[in-house]
Structure formats: C-alpha cells, structure tokens
Amino acid sequence: MKPRYLACIAAVVPFGLIPVAADAGFYSGNELYDVCTAEKGDKGYVESAYQCLAYITGAVDAFNTTREAAKLKSCIPPDVTISQLKDVTVAYLRDNPETRNASASSQVYAATRKAWACPGAKPAAAATTKKKK
C-alpha cells in the first residue's frame, strides 16, 4: 500500500472511535410527517412512501415484540393493514402538530394506541419531548 493512503486511513480512523451522544430517534414526528405526506409526482415520492411505510411498520413490529416479550398480546387487531397503520399515524401527526417535534416512534405509538387502545389500559399520552428538525 502507498504510504500516503495509509497516512489518510490513520488520520481518519480515530474519528470513528470518538463517542457521540445518541439521538432520541432516527426521525422526529415532523420528519415522518414530511415523508408520509409527500405528493405523488414529487421527485422523491417513491423513496418517501417506502420510508414512511417501513418506519411505521418497523415501529409497530418493535412495539409488538416488546409486548410479546412481556407475555402480552398486541392491541392492534390482526386484520389491520399497513395502509391503515399509515392512515392512523398520518392523521394523528396532522391533528397534533404541537407534538410532532417528539420522536417519530413515540408518535406512532400514540397514534396506534389512540386508534386501538389496549383493553384496560390508559390511553397513550401525547409525547412532548423536544427534538430538533
């Protein structure tokens, strides 16, 4: 290997070892709302649509896995579609702009709990944690 190449690697590698604070989530509610409401025909529409659906279904899968680990059943009926999960989440984000700065996962959680409350559970409170956009 060339000495110049090795010198570049030696200079860059230590930056990968510097600890940084973990963010509260990958998306804020605002960011999720933006990708979920992209207009058909927009340049990034297809990518945004996939990001929206993938994020919401991933979050719901994580919630359900956590419930299963606690020996609890999902509160979302088994016949609910991915499209319904998206519709419920987008409606919640649209109707609660004051909480969209919170993590997107907390917003998906609040939206699904509002739509499909667990029997005997208190409704999920709207998340108010601040997150930069």
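The values are calculated or read from the model by the stated rules, or taken from the named source; none is laboratory data. Because the structure is predicted, anything quoted here is derived from the model rather than measured. Here Cβ is always computed from backbone atoms with ideal geometry, including for glycine, and neighbour counts include all displayed protein chains.
Details
- Search result, residues across region 68-85 that are exposed (fewer than 15 other Cβ atoms within 10 Å of the Cβ) and either in contact with a helix residue (DSSP H, G or I) (Cβ under 7 Å, 6 or more places away or on another chain) or not polar (S, T, N, Q) (or both): 68, 69, 70, 71, 72, 73, 77, 78, 79, 82
- Count of region 46-67 residues which are loosely packed, with under 14 Cβ neighbours inside 10 Å and polar (S, T, N, Q): 2
- Qualifying residues in region 114-133 (those that are modelled with pLDDT of 95 or more and of a type outside the set (A, V, I, L, M)) - the one nearest to the chain's Cα centre (by Cα): 114
- Residues of region 49-81 classified as under 16 Å from the mean Cα position of the chain (by Cα) and part of a loop (DSSP other than H, G, I, E, B), total: 0
- Annotation note: of 84, 107, the sole residue that is within 21 Å of residue 51 (Cα to Cα), in a helix (DSSP H, G or I), touching a residue at least 40 places away in the same chain (Cβ under 8 Å) and of a type outside the set (Val, Ile, Thr) is 107.
- Residues in region 87-97 that are free of Cβ contacts under 8 Å to residues at least 24 places away in the same chain and of a type in the set (D, E, K, R): 87, 95.
- Where residue 91 falls short, out of the listed (1) surrounded by fewer than 18 Cβ atoms within 10 Å (Cβ to Cβ); (2) in contact with a Phe, Trp or Tyr (Cβ under 8 Å, 6 or more places away or on another chain); (3) modelled with pLDDT of 95 or more: (2)
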